[in-house]
1. Shape of the chain from its Cα gyration tensor (a ≥ b ≥ c, root eigenvalues): rounded if a/c is under 1.5, otherwise prolate when a/b > b/c, or oblate?
2. With the contact rule set at Cα under 8 Å and sequence spacing of 6 or more, what percent relative contact order holds for the chain?
3. Considering only protein heavy atoms and a probe of 1.4 Å, how much of the accessible area of the chain is carbon and sulfur, as a whole percent?
4. Hey, rough spin-label estimate for ILE67 and THR24, points 7 angstrom out along Cα→Cβ, what's it come to in nanometres?
5. Between the helical axis of 39-48 and the dominant principal axis of the chain, each derived from Cα atoms, what acute angle in degrees is found, rounded to the nearest 10?
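The values are calculated or read from the model by the stated rules, or taken from the named source; none is laboratory data. Bear in mind the structure is a predicted one, so any value in this text is a computation, not a measurement. Neighbour counts run over all protein chains shown; Cβ positions are idealised from the backbone, glycine included. Just so you know, the surface numbers come from the protein's heavy atoms only, side chains and all, with ligands and any DNA or RNA stripped out. Shrake-Rupley method; radii C 1.70, N 1.55, O 1.52, S 1.80 Å.
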Amino acid sequence: GKKIGGLVLGVSALSGSLIFYAITNFGVWLQGGLYEHTVSGLLRCYVNALPFLRNTMLSDMFYSASIMAIVFVYSRYRTSDRKLVTN
């Protein structure tokens, strides 16, 4: 199969976090009654959500790295298992 490098995985995880941040906070601004429906209200919504973006990015990076490590270990185990069977 096609191999995915750590940089590609990291950029993908961070991009996913940023897209989630942009869409969900726009929805909060659009549907909720917390912020005025002005450009200033939208900006305030995004600024107030920055602490959540940090945590989302950190958790996405952690879980992406964890899954990548599990796949790496599994593929090594599977490859070494095949070598034992074919010898």
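1. prolate
2. 32 percent.
3. Answer for the chain is 70 percent, counting heavy atoms of protein chains only.
4. Between ILE67 and THR24, the simple spin-label model gives 1.6 nm.
5. The angle comes out near 50 degrees.
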